[in-house]
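Notes for the one structure printed next.
The values are calculated or read from the model by the stated rules, or taken from the named source; none is laboratory data. Keep in mind the model is a prediction, meaning the values are calculated, not measured. Every residue, glycine among them, receives a Cβ derived from its backbone with ideal geometry; neighbour counts consider all protein chains shown. The accessibility values were calculated without ligands, DNA or RNA, using every heavy atom of the protein model including side chains. Shrake-Rupley method; radii C 1.70, N 1.55, O 1.52, S 1.80 Å.
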Amino acid sequence: MKVAILICDDVLDKFQPRFGHYRDMIRQMFAFLDGPFEFSDFDCRLGHYPKDIHDHDFYQQCSQPGYPRL
């Protein structure tokens, strides 16, 4: 299964040593499922998106800008 990870935000710097980045968390979630999985990261903050919606089987957005920061 081809999985697109749409990166819309990132974990605060102070929490990254403990929790890592959102894209890593998503990959860890899929580790509990039967694969195989092929991941592609797209940093939407930089305007990077899949070229065609049919290129991937599953899309996962990680976080969303606009939420209050701790």
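Below is a table of values for the structure above.
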| read-out | value |
| --- | --- |
| Segment 11-22: number of residues that are open to solvent by 30 Å² or more (accessible area, probe 1.4 Å) and either outside any helix (DSSP H, G or I) or among the polar types (S, T, N, Q) (or both) | 3 |
| Any hit, segment 36-48, residues being open to solvent by 80 Å² or more (accessible area, probe 1.4 Å), touching a residue at least 40 places away in the same chain (Cβ under 8 Å) and part of a loop (DSSP other than H, G, I, E, B) | no |
| Members of segment 7-31 that are within 16 Å of Q60 (Cα to Cα) and more than 12 Å from the chain's Cα centre (by Cα) | A31 |
